[in-house]
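Notes follow once the structure below has been shown.
The values are calculated or read from the model by the stated rules, or taken from the named source; none is laboratory data. Not measured: the values here are computed from a predicted model. Cβ coordinates were reconstructed from backbone atoms using ideal geometry, including for glycine residues, and neighbour counts include every protein chain displayed. For the accessible areas, the whole protein counts, side chains as well, though only heavy atoms, and no ligand, DNA or RNA atoms are used. Shrake-Rupley method; radii C 1.70, N 1.55, O 1.52, S 1.80 Å.
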Amino acid sequence: MNAFTLKNGELYAESVALSDIAARFGTPCYVYSRAALEAALDEYHQELAGTDALVCFAIKSNSNLGVLNVFARKGAGFDIVSGGELKRALAAGGDPKKVVFSGIGKSVEEMEYALNVGILCFNVESAPELDRLNEVAGRLGKKAPISFRVNPNVDPKTHPYISTGLKKNKFGVAYEDALALYQRAASLPNLEITGIDCHIGSQLLDPSPVAEALDKILILVDQLAASGIHLHHIDLGGGLGIRYKDEEAPTAKAYLQPLLAKLKGRGLKIILEPGRRMVGNAGALLTRIEYLKPGEVKNFAIIDAAMNDLARPALYDAWHDIVAVKPRDVAPQTWQIVGPICESGDFLGHDRELALEPGDLLAVLSAGAYGMTMSSNYNTRPRVAEVMVDGDQAYLIRRRETVEELYALESLMP
Ligand code: LLP
C-alpha cells in the first residue's frame, strides 16, 4: 500500500496531513504509517499461510520500540545482531522464542544474555564462535540452539556494500567447510543443531539468486541428513528490495513462491529475516527548507535535515524521492537538496525538479529502513523525533533529543 498520498493538494500519511505533524512535533522528523507496516508484514504472512513459517523482522533496519511493537503484536519474530537489539525486542513485547541472533562478532555477554532469555536460534558464523558458544552454554548449564550461516557464494546482483553472500565477504562459513563444521557441532555437548541459515544481500530486485542459494543449501541439507544430522528449520535471511525510484521490486509472491516450491514436502520450518521490505516505504523523513541559495552553477535548497539524519545518500549514493508536502503549481527549477553539515557529501538529493520557497516542507520518501537506525549526532545535531500515524491519529514514538543529552555522558578535565 502507499503510505503517503496527496489529498486536496497536500501530502498525507494515512489520514493525517504531514503539515499538521510538522506543526505538532517540529521538523525534521521521521513519520511512519502503521497501516503500511502491517500491510508489508501481511503480504509475507499471506504467502506463507499454511506453511510452518516465521517472519523475523530485521531490527537493524528500524529499531524503534513503537515499530517493533506493531510487528510483535502481529506475531512476528525478530532478527537481532546485538544484545542491545535483543533488549529492544523484549522491551517491545517480542517473544524470545521467536528471536534469531545473526552477526559475526557475538560477545560472551551477548551469548549469556541470549541463552538466559532463551532465544530460538544462534546463527553461528565461524568455528571460534561455535567453540565460544559451546563453552558459554556449558557454564550456564544450557544447550544453545544453533544453525550455521552458510555462505553459498552466490552473486546477489546488488550494491557491493550490501552484498554479503560472496566468498570475499566477511559473513558466514564457507560452503565447502559447512559439513565438517556441522559434524564438529554435533560432537560438542552444549549445542543443539536446529537449522541452517543464509543471507546473500540486501535490496534484491531479482529473486533468482536466493533461489539459487537455496538449491545449494538444500544439497547441504541432504548431505547432512545422510551423515545423521537432521535439521528443523531453514532460514533464508532478508534482502527483498523495494522501489526507491523506478525499480520494479518483486512482489512477496514472486519472491517467496519459488522458494516455497523447492521446500515443499521437506518438513523444514522456514524462517525469513526481512528488514527493508517491512519498513522502507512505510516511512518518510519530514523536513523544512531553511534557505534557498540559487547560484550560477547550482541551486541549493538548504533543509533542516542532513546526512546525520539519513546517511544513505551520502554513504551509498542512494536515491530517495523528495516531494513537496504542498506542491506549488508553478514552473519547477533544478535544486540540490542539501543539509547544514559542513561536508560536500551532505546531500539528500541531487538535481531535483521542484518548485520551492523558503519554509516549504519536503518529504524524503522510502526512509523507513536504515534511516533513523543509521543516524548520528555529527555536528552535535540531536537525533530527530519519530512519529507513528495510525488512521487519523499521530503518536510520538521517540521524542527529539536535546543538546544537553548529547553531552550528558561527558566531563570537563579535573
Ligand atoms: N539478515 C541479515 C543477516 C542481514 O545482514 C540483513 C541486513 C538482514 C537480514 C535484513 O536485510 P534487508 O531485508 O533489510 O535487506 N544499510 C544498508 C543495508 C544493510 C543491510 C545489512 N544486512 C542500506 O541502507 O541499504
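Under the 0.36 nm per residue contour assumption, what length would be gained going from the current alpha-carbon distance of MET1 and LEU218 to full extension?
Extending this stretch completely gives an extra 74.7 nm.
When DSSP beta bridges are limited to those with both residues in the stretch 265-362, what percentage is antiparallel, rounded to the nearest 5?
Beta bridges within the stretch 265-362, antiparallel portion: roughly 80 percent.
Once you order the gyration tensor axes a ≥ b ≥ c over the Cα atoms, which shape class does the stretch 14-68 get: rounded for a/c under 1.5, otherwise prolate or oblate by comparing a/b with b/c?
Because a/c hits 1.5 or more and a/b fails to exceed b/c, the stretch 14-68 counts as oblate.
Determine one quarter of the surface area of the Cα convex hull of the chain, which equals its mean projected area, and express it in nm² to one decimal.
For the chain, averaging the hull's shadow over all directions gives 22.8 nm².
Which value, in debye to the nearest 20, describes the size of the charge dipole of the stretch 72-209 about its Cα centre when Lys and Arg Cβ atoms bear +1, Asp and Glu Cβ atoms bear -1, and nothing else is charged?
320 debye
Using DSSP, restrict attention to beta bridges with both residues in the chain and report what percent are antiparallel, rounded to the nearest 5.
If I count the DSSP bridges inside the chain, around 45 percent turn out antiparallel.
With a probe of 1.4 Å, find how much accessible area the stretch 63-188 has per residue, and write the answer as a whole number in Å².
Ligands and nucleic acids excluded, the result is 41 Å² per residue.
Taking R0 as 45 Å, what's the FRET efficiency between HIS230 and ARG24 from their Cβ-Cβ distance, rounded to 0.05?
Working: r = 56 Å, r/R0 = 1.24.
So the FRET efficiency works out to roughly 0.20.
Using a 1.4 angstrom probe on heavy atoms only, work out the carbon and sulfur share of the accessible area of the chain in %. If you can, show how the numbers build up before the last one.
On the way: 9120 of 17700 Å².
Carbon and sulfur together cover 51 percent of it.
Just read off the accessible area of GLU129 with the full protein assembly in place, 1.4 Å probe, to the nearest 10 Å².
Answer for GLU129: close to 10 Å² accessible.
For the stretch 212-324, with only Lys/Arg (+1) and Asp/Glu (-1) charged at the beta-carbon, what is the dipole magnitude about the Cα centre, in debye rounded to 20?
I would put it at about 400 debye.
What is the P(r) of the stretch 233-321, as percent of Cα-Cα pairs per 5 Å bin from 0?
Bin by bin from 0 Å, the calculated values are 3, 10, 15, 17, 14, 11, 9, 7, 5, 4, 3, 2, 1, 0.
From Cα pairs below 8 angstrom and at least 6 apart in sequence, can you work out the relative contact order of the stretch 175-269, rounded to a whole percent?
Here the relative contact order equals 34 percent.
List, in order, the whole-Hz ³J(HN,Hα) value for each residue of the stretch 38-55 obtained from phi through the Karplus relation with A = 6.51, B = -1.76, C = 1.60 and θ = phi - 60°; use x for Gly and Pro.
Along the stretch 38-55, the couplings run 5, 5, 5, 5, 4, 4, 5, 4, 4, 5, 8, 4, x, 10, 7, 9, 9, 8 Hz.
Taking the Cα centre of the stretch 178-230 as the origin, how large is its charge dipole in debye, to the nearest 20, when only Lys and Arg (+1) and Asp and Glu (-1) carry charge on their Cβ atoms?
200 debye
Along the charge dipole of the chain, pointing to its positive end and built from +1/-1 on Cβ of Lys, Arg, Asp and Glu, which listed residue (ALA282, ILE119, SER15) has its Cα farthest out?
Farthest towards the positive pole: ILE119.
Of TYR395, ALA180, VAL67, which is farthest along the charge dipole of the chain in the positive direction, counting Lys and Arg as +1 and Asp and Glu as -1 at C-beta?
Towards the positive end, the residue furthest out is ALA180.
How large is the accessible surface per residue of the stretch 261-414, computed with a 1.4 Å probe and reported in Å² as a whole number?
49 Å²
Any of LYS142/LYS216; LYS170/LYS253; LYS60/LYS98 with alpha carbons more than 27 Å apart? Name them for me.
LYS142/LYS216; LYS170/LYS253, as the Cα separations exceed 27 Å there.
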